[in-house]
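Let me begin by presenting the structure, written as structure tokens, before commenting on it.
Please treat every number below as a calculation from the coordinates, not as lab data. Just so you know, these numbers come straight off a predicted model, no measurement behind them. With ideal geometry, Cβ positions are generated from the backbone for all residues, glycine too; neighbour counts draw on all protein chains shown.
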Amino acid sequence: MTKRIYEFICADDHITESYIDSELRTSNCKVCGQSAIRIISKPMVKLEGVTGDFPGAAMQWERKRNEKIKARTKECRLNHKHIVIFHNAY
Ligand SMILES: [Zn+2]
């Protein structure tokens, strides 16, 4: 069995690294202790895609996460707009 460093992300978006067995897909978040799913850094996605080692569940997780990030960016923009309007009022 191979052991290496993988990155994990929990439901609260904490990204932590764990040195674990390559068979494992989950770990516990080092920040909050919740279960965290293994994520694969960009160059690895290509490799994992070829070997079929990347589970669909993780893909979905990543997509949901990206949507979350997008939603946050939108929120930021709205706040920014709000601040601009606020400044213009003076
Ligand atoms: Zn966490």
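Between the amide H of ALA36 and those of SER27, ASN28, CYS29, distances stay under 5 Å, these residues lying 5 or more places away or on another chain, with hydrogens modeled in the peptide plane. Going from the fewest other Cβ atoms within 10 Å to the most, the residues ARG25, ARG38 appear in the order ARG25, ARG38.
Sorting ILE40, ILE5 on the 10 Å Cβ count, fewest up front, what's the list?
Final ranking by Cβ density, sparse to dense: ILE5, ILE40.
Calculated FRET efficiency, VAL31 to LYS64, Cβ-Cβ distance, R0 = 30 Å: about 0.95 to the nearest 0.05.
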